[in-house]
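S.K.: Below: one structure in structure tokens.
Where a number appears in this text, it was derived from the coordinates with a stated rule and is not lab data. If you're wondering where the values come from, they're calculated on a predicted model, not measured in any experiment. Every residue, glycine as well, gets a Cβ built from its backbone with ideal geometry; the counts of neighbours run over all protein chains shown.
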Amino acid sequence: MSKPRIAVVAFPGSNDDRDALVALQALGAEAVAVWHAAEHLPDVAGIVLPGGFSYGDYLRCGAIARFSPAMRAVSEFAADGGPVLGICNGFQILCEAGLLPGALRPNASLSFVCRDVDLRIERTDTPFTSLCEPGQTLTIPIKHGEGCWYADDGLLGELEANGQIVLRYEDNPNGSIADVAGVVNAERNVMGLMPHPEHAVDPLLGSTDGALILRGLVEAARDRSVVGIGV
Amino acid sequence: MRATVLVRPKPGILDPQGQAVEGSLRQLGFPVGDARVGRVVDLEVESADPAAARAEVERMCEQLLANPLIESYEIELEGAS
């Protein structure tokens with residue numbers, strides 16, 4: 001069985017791109033690094049926007065990176081139904097780009113939080129959580145200063161009704177509205193989360209729960225590759 | 001023409017930075033309340049026509065300088081009333 005190719009798009013200031021590449025590779029993907037200046041993506045079946053501090057978090061986290069040339073290709077890929085996963089800064093970029101709902105603000109505590117957190121799986125009807133059980137608890141690390149997800153009451157109600165809130169913190173570490181840790185778009189092919197699944201794929205790292213989410217992406221990419229070959 | 005953009009967290013949005021500043025000011029003995037911290041962007045726009053300049057800066061705010069979901073903005077033009 002051929003390996004699905006997944007791009008990890010690195011921006012100036014990304015720092016989890018290599019971990020994402022290693023994790024995806026270990027989970028059976030052919031992970032390829034793509035620099036943000038690329039106007040065209042290689043032929044890929046999935047995309048990861050990794051964590052870090054793109055453009056030094058200037059203006060707002062992710063606000064500058066969304067204008068990188070590669071983001072146009074990412075948007076087109078997402079519009080075509082391709083699976084896109086944004087992790088931490090990648091989540092912030094997807095929100096700023098309008099590919100995901102809401103915005104990320106400084107943590108309520110104003111502290112940078114770096115520790116393992118427990119997450120509750122709210123939805124399994126997304127490619128990224130298809131290997132999880134509803135209500136399952138995953139232990140995955142967070143490390144962010146601006147992970148306080150915000151949506152106003154109207155937007156939150158809409159997202160709850162559409163089942164777009166995918167992950168919640170068991171014990172809210174950052175003041176995020178409704179304990180939200182991860183969301184998907186209405187079409188369910190774009191997901192963002194503040195926790196770092198790529199840092200939880202090996203027992204040596206304390207948890208392998210992140211592999212469930214990344215493997216979900218790898219499987220979705222595999223399905224897309226197969227369809228692509230058929231066409 | 002010189003333009004100044006003031007970007008503020010919208011009312012109701014949690015502003016921990018403002019809270020921290022307020023706490024420090026109170027420690028210094030200033031009896032302040034409801035401190036909010038925003039951002040100032042000063043820039044030079046080519047247009048000399050205030051209406052055109054304002055319209056252009058508004059587009060900048062919508063597209064980049066502010067996130068309309070969480071921030072409000074105010075534009076001041078030098079010399080314009």
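S.K.: Name the residue from B:Leu28, A:Phe128, A:Gly157 whose Cα lies farthest towards the positive end of the charge dipole of the protein assembly as shown, charges +1 on Cβ of Lys and Arg and -1 on Cβ of Asp and Glu.
M.R.: A:Phe128
S.K.: Continuing with this model, one more query. Where Lys and Arg each count +1 and Asp and Glu each count -1, what net charge lies around A:Ala79 among other residues with Cβ under 12 Å from its Cβ?
M.R.: On the way: positive: A:Arg72; negative: A:Glu76, A:Asp80, A:Glu187.
Here the charged neighbours net out to -2.
S.K.: For peptide B:65-72, how many partner chain Cβ atoms fall within 10 Å of a residue's Cβ, on average?
M.R.: On the way: counts 3, 3, 10, 1, 10, 8, 3, 0.
Whole-number average of other-chain Cβ neighbours for B:65-72 is 5.
S.K.: Show that you can apply the helix-only estimate: for chain A, add -39,500 (n - 2.57) for every DSSP H stretch of four or more residues, divide by all residues, and state [θ] at 222 nm to the nearest 500. Walk me through the numbers on the way to the answer.
M.R.: On the way: 5 runs with 60 residues, N = 231.
Computed mean residue ellipticity for chain A: -8000 deg cm²/dmol.
S.K.: Once you've got the GNM for chain A with C-alpha springs shorter than 10 Å, pick whichever of A:Glu146, A:Glu158, A:Glu170 has the biggest mean-square fluctuation.
M.R.: A:Glu158
S.K.: Related question: Determine the dipole magnitude for the range A:6-130: charges of +1 sit on the beta-carbon of Lys and Arg, -1 on that of Asp and Glu, nothing else is charged, the reference point is the Cα centre, and the result goes in debye to the nearest 20. Don't jump to the answer; show the numbers that get you there.
M.R.: On the way: 8 positive and 14 negative charges, 79 e Å.
For the range A:6-130, the charge dipole is close to 380 debye.
S.K.: Rounding to the nearest 10 and keeping the result within 0 to 90°, find how far the Cα-based axis of helix B:16-27 lies from the longest principal axis of chain B.
M.R.: Orientation of helix B:16-27: about 50 degrees from the principal axis.
S.K.: Along the charge dipole of the protein assembly as shown, which of A:Val34, A:Leu59, A:Gly147 sits closest to the positive end, that is, farthest toward it, with unit charges on the beta carbon of Lys, Arg, Asp and Glu (+1, +1, -1, -1)?
M.R.: It is A:Val34, whose Cα lies furthest towards the positive end.
S.K.: Suppose every Lys and Arg Cβ carries +1 and every Asp and Glu Cβ carries -1, with no other charges. What dipole size does the range B:2-77 come out with about its Cα centre, to the nearest 20 debye? Could you put the intermediate results ahead of the total?
M.R.: Working: 8 positive and 13 negative charges, 72 e Å.
About 340 debye.
S.K.: So what J values fall out for the range A:144-159 if you push phi through Karplus, 6.51 cos²θ - 1.76 cosθ + 1.60 with θ = phi - 60°, rounded to Hz, Gly and Pro as x?
M.R.: Once θ is set to phi - 60°, the couplings for the range A:144-159 become 7, x, 10, x, 7, 6, 10, 9, 6, 4, x, 5, 4, x, 5, 5 Hz.
S.K.: Now for a different question. Considering only A:Ala10, B:Val5, B:Met60, whose Cα is most displaced toward the positive end of the charge dipole of the protein assembly as shown, charges sitting on Cβ of Lys, Arg (+1) and Asp, Glu (-1)?
M.R.: A:Ala10
S.K.: Provide A:Leu155, A:Leu167, A:Leu85 in ascending order of the number of other Cβ atoms located within 10 Å of each residue's Cβ, fewest first.
M.R.: Working: A:Leu155 16, A:Leu167 27, A:Leu85 32.
Fewest-to-most ranking of A:Leu155, A:Leu167, A:Leu85: A:Leu155, A:Leu167, A:Leu85.
S.K.: Under the rule of at least 5 residues apart or a separate chain, name every residue whose amide H is placed under 5 Å from the amide H of A:His144.
M.R.: Result for A:His144 returns A:Val113.
S.K.: Note down the magnitude of the dipole of the range A:5-230 about its Cα centre, charges +1 on Lys and Arg C-beta and -1 on Asp and Glu C-beta and zero elsewhere, to the nearest 20 debye.
M.R.: Numbers: 15 positive and 29 negative charges, 73 e Å.
Dipole magnitude for the range A:5-230 comes out near 340 debye.
S.K.: Which of B:Pro50, B:Pro11, B:Pro31 moves the most in a Gaussian network model of chain B with Cα springs under 10 Å?
M.R.: Result: B:Pro31 has the largest fluctuation of those listed.
S.K.: Averaged across the residues of A:57-70, what count of C-beta atoms belonging to other chains lies within 10 Å of each residue's C-beta? Working shown, then result.
M.R.: On the way: counts 0, 0, 7, 8, 0, 1, 4, 1, 0, 1, 2, 0, 0, 0.
The mean count of partner-chain Cβ atoms within 10 Å per residue comes to 2.
S.K.: Related question: Return the average number of partner chain Cβ atoms within 10 angstrom of each residue Cβ along peptide B:13-20. Present the calculation step by step, with values, prior to reporting the outcome.
M.R.: Working: counts 5, 8, 3, 10, 3, 0, 2, 3.
For peptide B:13-20, the averaged partner shielding equals 4.
S.K.: Which percent, to the nearest 5, of DSSP beta bridges fully inside the range A:15-150 are antiparallel?
M.R.: Numbers: 11 of 14 bridges.
Looking only at bridges with both residues in the range A:15-150, the antiparallel portion is about 80 percent.
S.K.: Could you run the Karplus curve 6.51 cos²θ - 1.76 cosθ + 1.60 with θ = phi - 60° over the range A:21-30 and give me ³J(HN,Hα) per residue in whole Hz, x for Gly and Pro?
M.R.: 3J(HN,Hα) across the range A:21-30, in whole Hz: 4, 5, 5, 5, 4, 5, 9, x, 9, 9.
S.K.: On to the next question. Test of understanding: in a Gaussian network model of chain B with alpha carbons linked when under 10 Å, which of B:Asp15, B:Asp42, B:Asp34 would top the mean-square fluctuation ranking?
M.R.: Evaluated over chain B, the most mobile residue of the options is B:Asp34.
S.K.: Related question: Take peptides A:209-221, A:2-14 and line them up by average Cβ neighbours within 10 Å, highest first, as a rough protection proxy.
M.R.: Working: A:209-221: 23.9, A:2-14: 22.2.
Top of the packing list down: A:209-221, A:2-14.
S.K.: Further question: Per-residue HN-Hα couplings for the range A:100-111, Karplus 6.51 cos²θ - 1.76 cosθ + 1.60 at θ = phi - 60°, whole Hz, x for Gly and Pro?
M.R.: Couplings: 10, x, x, 8, 10, 10, x, 3, 4, 7, 6, 9 Hz.
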